[in-house]
1. Within the range 33-112, list the trypsin sites (Lys or Arg not before Pro) lying in a DSSP loop whose Cβ has at most 16 other Cβ atoms in a 10 Å radius.
2. If I model a spin label at residue 241 and residue 125 as a point 7 Å from the Cα along the Cα→Cβ vector, what separation in nanometres do I get?
3. Residues with beta-carbon under 15 Å from that of residue 157, excluding residue 157: net charge, scoring Lys, Arg +1 and Asp, Glu -1?
4. Length gain on complete extension for the stretch residue 150 to residue 85, per 0.36 nm per residue less the alpha carbon to alpha carbon distance?
5. Nearest 0.05, what FRET efficiency do residue 92 and residue 44 give at R0 = 41 Å with Cβ-Cβ as r?
Amino acid sequence: MKKILTFLKQFFHLQRGEKIDIAYPVSWETMSQEDFRNVCTILAKPHGRKETLFLCLCALAHIRPDNPIKYDPKAIKDNVVFLINGKSYVISPKVIQSACSQLSYILDDIGLAPCPLPRIDRKLYGVSFMQYYNADAYMLRYQADTSNEAWLKEAAKSLTNGRVRKLMDWQRKGLVIWWAGVKKYMLAKYPYVLQEGGSVTDSTPAELLQELLSAMNNDKPQDNDKILQSDVHSVLFTLNKIYERNAKH
């Protein structure tokens, strides 16, 4: 749920002295799809840190300065007049700074944001192990060469079975942010199979896939296709149990 800004009692209607509260998401996890799209649209363009957070505050709280050209977020020293639902309200620099500080997670933290791809669950429920594995391989290639955005498209194609072949600017930015959150979430949920720095992750992608499949197929390679098409969480849950038992013996 979104946090109500109690300190925004300093928002006053210019004509009637009316107070107003506003709300915005205080983590990636509490963002709606629309919130995430708005943030990624801002992040997809070059801005300084203070300006980025200021723009995100305006977008997430659905407020805007009465004269955007007049206010430089890096140099705001006086009260700013904002428009909220067609009415003018005054906000102090301290309130702006406090709100932007609460939004610093956008630039500093990793969390599980909404998926920027249509009909894909943010936690990947309903996605097959093969889709996840291929998408992860493409995202790793992109991380090694961020100038090659073709890998992002391939990851999107894998996750959507080819339904999505082109990405808008905000989706490219969103895919990177969301996938970082997915990997953090998966690592916490399945630490034994996705452990960082372990011997498993020292293998090549092809070798790793064979190791993962052999751990589950009970010496029946003909079952590999069934495993690959199974829900990614079912596969990782089973693998995590197997590696956990091995680690304790």
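1. 70, 74, 77
2. 1.9
3. +4
4. Working: separation 65, 0.36 × 65 = 23.40 nm, distance 4.11 nm.
Additional length available on full extension: 19.3 nm.
5. In this case the efficiency is close to 0.85.
Every number in this text was worked out from the coordinates using simple rules, so none of it is lab data. What you see is a predicted model, and the numbers here were worked out from it, not measured in a lab. Every residue, glycine as well, gets a Cβ built from its backbone with ideal geometry; the counts of neighbours run over all protein chains shown.
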